[in-house]
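Data block below; observations after.
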Amino acid sequence: MHNDQESHNPFQGPFRTLEDLADCIRENLGCPVTIEDSDHRILAYSSHDENVDPARIATIMKRKVPEEVIKSLWKKGIIPQLFESDDPVIIPAIPEVGLGQRVAISVRKNEELLGFIWAQLNWEVTQEELALLKKAAKVVKNQILKLDIKKRHSEEGHREFFWKLLTGHYTKEEHIQQQASMYQLKVKGEMAIVIFEFSEEIQQSLERHMNYYIQASHQIELIYSTLDQNQLILLVRPSNQFNTAEQLTSFVQVFVEKISNRLGVDTLKGGAGALYQTPLSIKDSYREALHVLSIKERFKGEVTGIYSYQDLGIYQFIDLLYQERQHYQNPYIEKLKQYDAIHHTQLLETLDTYLQQDSNVKAAAHALHVHTNTLNYRLKRIADVANLDLKNANQKVTLFLDLKIEQMKS
């Protein structure tokens, strides 16, 4: 190890490749070094002797840091530290995942995270070594930015192809498969669009949190993702062929719950379109996922526990019904409105809750915070005032739909 660190920057280069730069950092620090991108995929790694830990070997073989190592680093708060800090972070050994002691530093351009440098140091780190690592990060930044230009061109092509799928640009499946092959995307088998929507535009740190969770999920396989202001749009397929719709719904629900709890927000909404076998129908799944989010915004109380298009029930058709019946006035509803206005009662609200609870008196009474006897009395008044038969399924379904349309008018 160099104890007489020079004051000048030993990483001036020029370097033909990132591997050359990794070896230069190794020579100056005296330990194995790995350079990774922001998703923990290996960009370059230095040579090393036999005294390296299993985590480094597995990372090099897989060309990516193993998931169990990433999860441990998240649990111990290391990854968040690296996201937020420009300074090196000393990481104690985590023997259960084969990780020896490390020191790491994030590589960034302004607020944008570009990657990381990881060094396997088996001794107490000195201030001189930490200063060297900060100098190395600046040089690595410039090298990654050069690589990034090519990468960004490729990503722009990916993104354009994805948006063409979402907006129905393609009319023949063979054209889609040709493009997908060029971008190494597998768009065969059951697929669906999932959208997660926040109240504000998604920042990079938040995107990173979400991507880590998605990659660690065993419920779905991520094919592609993109951001559209405050929406994260995913093209996914279920992990196995059994109960695929249930897998999709469960993924969206668990994601919303975990990310909301982790970030302390209650504005995150999630919606999934239907699963389709052909990539030509990705546009339909996208439209359906957007519809789920729209319904969750307009009917918050009624659809709180719904996350997929298949589970929307009559809300799948509510916009079409509204177009047909927006000028229609249901006479039963009008009678109850007039009665409530004159007598300062809540018969219409009572009817709405009763129908929303599938005519379950006990559940409706609980929702209205009244005794079941009180509810039964109100139901009798509703039947008398509006001349309604609350045992007639046809009348009840029509009333339920017209009450939803009334909500859309207000």
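Remarks
- Spin-label proximity, MET408 to the stretch 258-292 - amide N less than 19 Å from point 7 Å beyond Cα toward beta carbon: 287-292
- Longest stretch of the chain clear of exposed loop sites (GluC sites (Glu not before Pro), DSSP loop, at most 12 other Cβ atoms within 10 Å, sites excluded): 202-410.
- Distance violations [Cα-Cα > 26 Å] among LYS172/LYS269; LYS164/LYS188; LYS138/LYS186; LYS335/LYS404; LYS269/LYS396: LYS172/LYS269; LYS138/LYS186; LYS269/LYS396
- In order along the stretch 222-234, the phi-based Karplus estimate (6.51 cos²θ - 1.76 cosθ + 1.60, θ = phi - 60°) of 3J(HN,Hα) comes to 7, 8, 7, 9, 8, 9, 9, 6, 9, 10, 9, 10, 10 Hz; Gly and Pro are listed as x.
- Gaussian network model of the chain, springs between alpha carbon atoms under 10 Å - residue of PRO279, PRO331, PRO32 with greatest fluctuation: PRO331
- About its Cα centre, the dipole of the stretch 67-112 is roughly 120 debye, where the only charges are +1 on Lys and Arg Cβ and -1 on Asp and Glu Cβ.
- Value at 222 nm in deg cm²/dmol, rounded to 500, when DSSP H runs of n ≥ 4 in the chain each add -39,500 (n - 2.57): -16500 deg cm²/dmol
- Of the Cα atoms belonging to the chain, the radius of gyration and Dmax stand at 28.9, 96 Å.
- Listed residues ARG56, ARG26, ARG378, most fluctuating in the chain (Gaussian network, C-alpha, under 10 Å): ARG378
- Mean accessible surface per residue for the stretch 366-410, computed with a 1.4 Å probe while every protein chain stays in place, in Å²: 60
- In the stretch 277-357, the convex hull through the Cα atoms has an average projected area of 7.0 nm², a quarter of its surface area.
- Cα-based reach from LYS134 at 12 Å (exclusive), listing aspartates and glutamates while leaving out same-chain residues under 8 positions away: ASP86, ASP87
- The local environment of ILE105, defined by Cβ-Cβ distances under 13 Å, has a net charge of +1 under the rule Lys, Arg +1 and Asp, Glu -1.
- Relative to the Cα centre, the charge distribution of the stretch 42-91, modelled as +1 at Lys and Arg Cβ and -1 at Asp and Glu Cβ, gives a dipole magnitude of about 280 debye.
- Zone of GLU112's modelled label, taken as backbone nitrogen in the stretch 19-47 under 13 Å from a point 7 Å along Cα→Cβ: 38
- Heavy atoms of TYR183 accessible to a 1.4 Å probe, total area in Å² rounded to 10: 50
- Distribution of pairwise C-alpha distances over the stretch 83-185, 10 Å bins, in %: 13, 29, 21, 19, 13, 4, 0
- Degrees, to the nearest 10: 244-263 long Cα axis against longest axis of the chain: 70
- Computed over the chain with a Gaussian network model linking Cα atoms closer than 10 Å, the most mobile of HIS169, HIS369, HIS48 is HIS369.
- Residues MET61, MET408, MET191, ordered by accessible area of protein heavy atoms at a 1.4 angstrom probe radius and largest first, appear as MET61, MET408, MET191.
- The stretch 187-295 - convex hull of alpha carbons, volume per residue in Å³: 91
- About the Cα centre, charge dipole magnitude for the chain (Lys/Arg +1, Asp/Glu -1 at Cβ), debye: 940
The values are calculated or read from the model by the stated rules, or taken from the named source; none is laboratory data. Quick caveat, the model's predicted, so the values are computed rather than measured. Please note: Cβ atoms are built from the backbone with ideal geometry, for glycine as well, and neighbour counts cover all protein chains shown. These area figures cover heavy atoms from the full protein model, side chains too; ligands, DNA and RNA do not enter into them. Shrake-Rupley method; radii C 1.70, N 1.55, O 1.52, S 1.80 Å.
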